[in-house]
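Undergrad: Quick one: this structure, given as structure tokens, is what I'll be asking you about.
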Amino acid sequence: MIPYGRQDISQEDINAVIEVLKSDFLTQGPQVPLFEKSVKEAVNAKHAIAVNSATSALHIACLSIGVGKGDVVWTTPITFVASANCALYCGADVDFVDIDPNTYNMSSKLLSQKLAHAKQNNLPLPKVVIPVHLCGQSCEMDKIHALSIEYGFAIIEDASHAIGGKYKENPVGNCQYSDITVFSFHPVKIVTTAEGGVATTNDAVLAKKMDLLRSHGITREESLMEEPSHGGWYYEQVDLGLNYRMTDMQAALGLSQMLRLHEFVAKRNKIASVYDDSLSNLPLKTPFQIEDSYSSFHLYVIRLKLANISLSHKEVFERLRANGIGVNLHYIPIYLHPYYKKLGFSKEQFPESNKYYQEAISIPIFHAMTFDQQKLVVQALTKII
Ligand SMILES: *Cc1c(COP(=O)(O)O)cnc(C)c1O
């Protein structure tokens with residue numbers, strides 16, 4: 001089976017992890033700050049906080065902004081559940097904004113309409129909006145940012161797919177249009193630490209809060225303490241935090257992987273452009289790219305033109321799998337999950353997301369993918385549809 005995504009681990013990556021295993025610190029050592037430095041330099045942000053997953057990063061990002069009971073967070077339905085769950089962890093409510101029919105990202109036009117409608121009807125406005133850069137293509141951050149000023153919400157970019165991508169020539173994660181950006185380092189993503197996440201920000205106060213929250217709310221810094229030190233052993237818990245720390249083994253792997261970030265993203269763009277050309281005559285839609293975006297192509301999503309295909313979406317998907325093509329579907333709209341259905345969401349509210357879910361298939365794209373493997377994918381698709 002040709003997988004839809006796969007990590008690429010070099011001998012240098014392996015050596016970096018082994019060095020940590022032989023060292024004094026398996027966690028809370030020197031590798032985590034070095035990894036954070038490499039991420040913040042790569043994305044041009046002032047601060048980077050490494051944690052054990054992007055899910056954790058989203059959670060402490062929401063907490064640091066003060067999301068809590070009585071607040072509402074808006075995101076897109078076409079994303080991994082973690083983009084919405086983070087609000088629920090904080091006791092807040094979630095709502096969704098339907099997608100743009102071309103980019104499949106949260107529609108900034110529908111966001112604008114939903115905000116105006118909420119304001120006119122005295123409905124709650126969002127405390128935070130979480131745009132998700134689906135497949136690695138940035139959302140229209142200038143427009144979302146302008147709305148955040150007009151309506152007074154904060155922005156957390158879920159850039160789990162988008163490290164190494166650019167928006168208006170600048171790296172995704174520089175937080176020019178947001179308060180915080182979150183990256184995932186799960187093995188299917190662009191760069192991996194096995195499990196891991198990073199939150200970047202230019203706001204020193206948010207950075208300090210996230211730093212506390214990832215480690216129990218405990219500080220050893222005198223400037224953050226509320227009482228005089230009891231002695232050399234002294235530390236204080238000044239907030240209710242969690243244990244979301246990244247280990248030094250993970251950070252060493254990430255630090256080594258980050259050296260190849262640009263190589264990874266360039267290769268993914270090359271694979272994408274070969275697909276764009278080889279699939280152009282088939283009854284499907286290849287990924288549309290806005291002018292302002294350089295995508296990191298975490299995923300390559302095709303949409304079937306079912307009116308011109310004799311098989312159903314499900315049949316095409318299953319035949320691809322039967323032909324050894326490890327396709328997937330990103331994502332099941334969040335409101336279709338039983339947990340969210342019970343919160344009162346229904347599919348009538350999100351027609352573009354429904355349509356997307358009936359047509360989308362993620363086809364294989366990963367760093368070590370060969371031209372021959374790509375040919376097999378194209379041949380199988382051509383034969384099937
Ligand atoms: C993978 C992913 C996450 C969660 O990342 P983890 O590091 O596995 O917690 C969140 N949001 C999106 C869009 C993702 O793709």
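The values are calculated or read from the model by the stated rules, or taken from the named source; none is laboratory data. What you are looking at is a predicted structure, and each value in this text was computed from that prediction instead of being measured. Note: ideal-geometry Cβ built from the backbone for every residue, glycine included; neighbour counts use all protein chains shown. Keep in mind that these areas ignore ligands, DNA and RNA; they rest on the heavy atoms of the full protein, side chains included. Shrake-Rupley method; radii C 1.70, N 1.55, O 1.52, S 1.80 Å.
Undergrad: Of the options Asn15, Val238, Thr79, report the single residue whose Cα projects farthest towards the positive end of the charge dipole of the chain (beta-carbon charges: Lys, Arg +1; Asp, Glu -1).
TA: Farthest towards the positive pole: Thr79.
Undergrad: Moving on. Any idea what the relative contact order of segment 48-164 is, in percent, if you count C-alpha pairs under 8 Å spaced at least 6 apart?
TA: Reported relative contact order: 24 percent.
Undergrad: Using only protein heavy atoms and a 1.4 Å probe, report how much of Val81 is accessible, in Å² to the nearest 10.
TA: Rounded to the nearest 10, the figure is 40 Å².
Undergrad: For Asn15 and Lys46 in the same chain, what is the full-extension length gain: residue separation times 0.36 nm, less their Cα-Cα distance, in nm?
TA: 8.2 nm
Undergrad: To continue, here is another question. Whole-Hz ³J(HN,Hα) for each residue in segment 113-126, computed from phi via Karplus 6.51 cos²θ - 1.76 cosθ + 1.60 with θ = phi - 60°, x for glycine and proline: what do you get?
TA: Listing the rounded values in order: 5, 5, 5, 4, 5, 5, 5, 4, 9, 6, 8, x, 8, x Hz.
Undergrad: Here's a follow-up. Ignoring ligands, DNA and RNA, what accessible area per residue does segment 261-384 give at 1.4 Å, in Å²?
TA: It amounts to 49 Å² per residue over segment 261-384.
Undergrad: Label point 7 Å out from Leu125 along Cα-to-Cβ: which residues of segment 135-168 have amide N under 14 Å?
TA: 145-155
Undergrad: Heavy atoms only, probe 1.4 Å: what % of the accessible area of segment 261-384 goes to carbon and sulfur, would you let me know?
TA: Roughly 53 percent of what the probe reaches on segment 261-384 is carbon or sulfur.
Undergrad: Another question about this same structure. Keeping the other protein chains in place, figure out the carbon and sulfur percent of the accessible area of segment 137-193, with a 1.4 Å probe.
TA: The computed percentage sits at 45.
Undergrad: Okay, moving on. Between Asp95 and residues 5 or more places away or on another chain, which pairs have amide H atoms under 5 Å apart, with H built 1.01 Å from N, and which residues are they?
TA: For Asp95, whose amide H was placed from the backbone, the distant partners under 5 Å are Val73, Trp74, Thr75.
Undergrad: Report the GluC sites (Glu not before Pro) located in segment 150-240 that are in a DSSP loop and have at most 10 other Cβ atoms inside 10 Å of their Cβ, or state none.
TA: The qualifying sites are Glu169, Glu226.
Undergrad: Would you kindly state how much longer the chain becomes between Tyr234 and Asp276 on full extension, computed as 0.36 nm times their sequence separation minus their alpha carbon distance, in nm to one decimal?
TA: 9.1 nm
Undergrad: What number, in percent, do you get for the relative contact order of the chain if the mean sequence gap of Cα pairs under 8 Å and at least 6 apart is divided by its residue count?
TA: Normalised by residue count, the contact order of the chain is 23 percent.
Undergrad: What percentages, rounded to whole numbers, describe P(r) for segment 323-385 computed over all alpha carbon pairs with 10 Å bin width beginning at zero?
TA: Result returned by the calculation: 18, 36, 24, 18, 4.
Undergrad: Between Phe371 and Lys143, what is the label-to-label distance in nm when each label sits 7 Å out along the Cα-to-Cβ direction?
TA: 3.9
Undergrad: Classify segment 2-258 as rounded, prolate or oblate, taking a ≥ b ≥ c as the square roots of the eigenvalues of its Cα gyration tensor: rounded when a/c is under 1.5, otherwise prolate if a/b is larger than b/c and oblate if not.
TA: oblate
Undergrad: Add -39500 (n - 2.57) for each DSSP H run of 4 or more in the chain, then divide by its residues: what number comes out at 222 nm, to the nearest 500 deg cm²/dmol?
TA: Result for the chain, helices only: -11500 deg cm²/dmol.
Undergrad: Right, here's the next one. Just subtract the alpha-carbon distance of Ala204 and Ala116 from 0.36 nm times their residue separation and send over the number in nm, one decimal.
TA: Stretched out fully, the Ala204 to Ala116 stretch lengthens by 28.5 nm.
Undergrad: While we're on this one: Would you calculate the separation in nanometres between label points at His262 and Ile218, each defined as 7 Å from the Cα along the Cα-to-beta-carbon direction?
TA: Once both label points are built, they end up 4.1 nm from each other.
Undergrad: Between Lys347 and Lys168, how many nm apart are label points set 7 Å from Cα along the C-beta direction?
TA: Between Lys347 and Lys168, the simple spin-label model gives 3.8 nm.
Undergrad: Is segment 46-139 rounded, prolate or oblate when judged by the Cα gyration tensor, a ≥ b ≥ c being the square roots of its eigenvalues, rounded requiring a/c under 1.5 and prolate requiring a/b larger than b/c?
TA: The shape class here is oblate.
Undergrad: Under a 5 Å amide H to amide H cut-off, with H placed in plane at 1.01 Å, what residues pair with Lys285 once short-range neighbours are removed?
TA: Result for Lys285 returns Arg303, Leu304, Lys305.
Undergrad: Output the peptides 44-52, 370-378 sorted from most to least packed, where packing is the average of other Cβ atoms within 10 Å over each peptide's residues.
TA: Packing order, densest peptide first, comes out as 44-52, 370-378.
Undergrad: Check each of the trypsin sites (Lys or Arg not before Pro) in segment 199-272 and keep only those in coil by DSSP with at most 14 other C-beta atoms within 10 angstrom; list them in order.
TA: Those satisfying the criteria are Arg220.
Undergrad: Measure up Lys109/Lys355; Lys109/Lys285; Lys69/Lys127; Lys46/Lys209 against 20 Å on the Cα-Cα distance and list the ones that go over.
TA: Check vs 20 Å cut-off fails for Lys109/Lys285.
Undergrad: Lys and Arg at +1, Asp and Glu at -1: add these up for the other residues within a Cβ distance under 15 Å of Lys355 and post the number.
TA: Surrounding charge for Lys355 is -1.
Undergrad: Can you find, among Thr181, Thr382, Val265, the residue farthest towards the positive end of the dipole of the chain? Put +1 on the C-beta of Lys and Arg, -1 on that of Asp and Glu.
TA: Farthest towards the positive end: Thr382.
Undergrad: Hand me the trypsin sites (Lys or Arg not before Pro) from segment 304-344 located in a DSSP loop with no more than 10 other Cβ atoms within 10 Å, in residue order please.
TA: Lys342
Undergrad: Nearest 20 debye, what's the magnitude of the dipole of segment 296-355 about its Cα centre given +1 on Lys and Arg Cβ and -1 on Asp and Glu Cβ?
TA: Dipole size: approximately 60 debye.
Undergrad: If you don't mind, there's one more thing I want to ask. Using modelled backbone amide H atoms (1.01 Å from N, in-plane), which distant-in-sequence or interchain residues come within less than 5 Å of Ala154's amide H?
TA: Placed amide hydrogens put Val128, Val129 under 5 Å from Ala154.
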